[in-house]
Each structure stands twice: as C-alpha cells, then as structure tokens.
1. Looking for whichever is among the hydrophobic types (A, V, I, L, M, F, W, C), in contact with a Ser or Thr (Cβ under 7 Å, 6 or more places away or on another chain) and on the phi < 0 side of the Ramachandran plot here; the options are ALA32, ALA65. Which one fits?
2. Which residues, counting only those in the stretch 44-73, are in a helix (DSSP H, G or I), over 12 Å from the mean Cα position of the chain (by Cα) and hydroxyl-bearing (Ser, Thr, Tyr)?
3. Any residue at all in the stretch 25-39 that's in a helix (DSSP H, G or I) and polar (S, T, N, Q)?
4. Would you point out the residue of the stretch 50-84, among those that are modelled with pLDDT under 80 and surrounded by 11 or more Cβ atoms within 10 Å (Cβ to Cβ), that is nearest to PRO27 (Cα to Cα)?
5. Could you please let me know if GLY41 is at pLDDT 80 or above and within 17 Å of the chain's Cα centre (by Cα)?
Amino acid sequence: MNIKQLAKDPLAQLGAGLSGIVALLNPEVFFALFDALLASGPQIFSVVSVSALTLPQVLPPTSTADWVVVGAAVLFIGYLTQQVLANLDRAT
C-alpha cells in the first residue's frame, strides 16, 4: 500500500478526521501523545529497523540460527513496545 492508496482509504480518512476533532476539542491530550511519541522516538526507530531491515533477511527461518534471530527480534520488539506504552501511560 502506497501513500496515494492510503489517502483514499475510507478507514484512514475516518481516523484522520477523528484525531483532528479530538485535537481541536482537547489539545492537551494531543500534545501529551505527541510528547510521549517524541520521547519514544529511539524505541520506535529501533522497532521499525528490526522489523523492516533485519527480519526480512531471515524470514522464513530455515536454520537454528535464523530461529534464534527471529526469537531475539520478537523479544526485543516486545520490550521496546512495553517502553513505548509506559511513555504513553506517563504522558496521559
């Protein structure tokens, strides 16, 4: 899915509209979420890097070493997701 297809997606348009309404009605929540996501930038970058650059090289796993890399990546992504969610909880 590219950007043009995403812009035409009704669900994406609904999500963008709802988030715009929330931002207008309650900007403190929007700013808190933005601050939390900004504080979680390194973790989000790491998750995207592992997901997009490392995992495709070993998927589907064919050897024991590939399975170890996939397992470590899943644990790492889970740990970073927990940190991002903790930042969101602290901000809101």
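The values are calculated or read from the model by the stated rules, or taken from the named source; none is laboratory data. Since the model is a prediction, treat every value here as computed from it, not as a measurement. All Cβ positions, glycine included, derive from the backbone under ideal geometry; neighbour counts span all protein chains shown.
1. Working: ALA65 fails: in contact with a Ser or Thr (Cβ under 7 Å, 6 or more places away or on another chain).
Answer to the selection: ALA32.
2. THR54, THR64
3. Applying the first criterion (in a helix (DSSP H, G or I)) to the stretch 25-39 yields 25, 27-39.
Still in the list and also polar (S, T, N, Q): none.
Within the stretch 25-39, none of the residues are in a helix (DSSP H, G or I) and polar (S, T, N, Q).
4. First pass over the stretch 50-84, keeping only residues modelled with pLDDT under 80: 50-59, 84.
When the remaining residues are screened for being surrounded by 11 or more Cβ atoms within 10 Å (Cβ to Cβ), the result is 50-51, 54-55, 58-59, 84.
Details: VAL50: 33, SER51: 32, THR54: 37, LEU55: 37, VAL58: 43, LEU59: 42, VAL84: 21 Å.
Top of the filtered list is VAL84.
5. no
To keep it simple, each residue is scored yes or no on (1) in contact with a helix residue (DSSP H, G or I) (Cβ under 6 Å, 6 or more places away or on another chain); (2) of a type in the set (Phe, Trp, Tyr); (3) in contact (Cβ under 8 Å) with a residue 24 or more places away in the chain.
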{"site": "LYS8", "(1), (2), (3)": "no, no, no"}
{"site": "LEU14", "(1), (2), (3)": "no, no, no"}
{"site": "GLY17", "(1), (2), (3)": "no, no, no"}
{"site": "LEU24", "(1), (2), (3)": "no, no, no"}
{"site": "GLY41", "(1), (2), (3)": "no, no, no"}
{"site": "ALA52", "(1), (2), (3)": "no, no, no"}
{"site": "ASP66", "(1), (2), (3)": "yes, no, no"}
{"site": "GLY71", "(1), (2), (3)": "no, no, no"}
{"site": "LEU88", "(1), (2), (3)": "yes, no, yes"}
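The rows are residues; the columns are (1) of a type in the set (A, V, I, L, M); (2) touching a Lys or Arg at 6+ places or on another chain (Cβ under 9 Å).
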position: ALA39; (1), (2): yes, yes
position: THR54; (1), (2): no, no
position: GLN57; (1), (2): no, no
position: PRO60; (1), (2): no, no
position: VAL69; (1), (2): yes, no
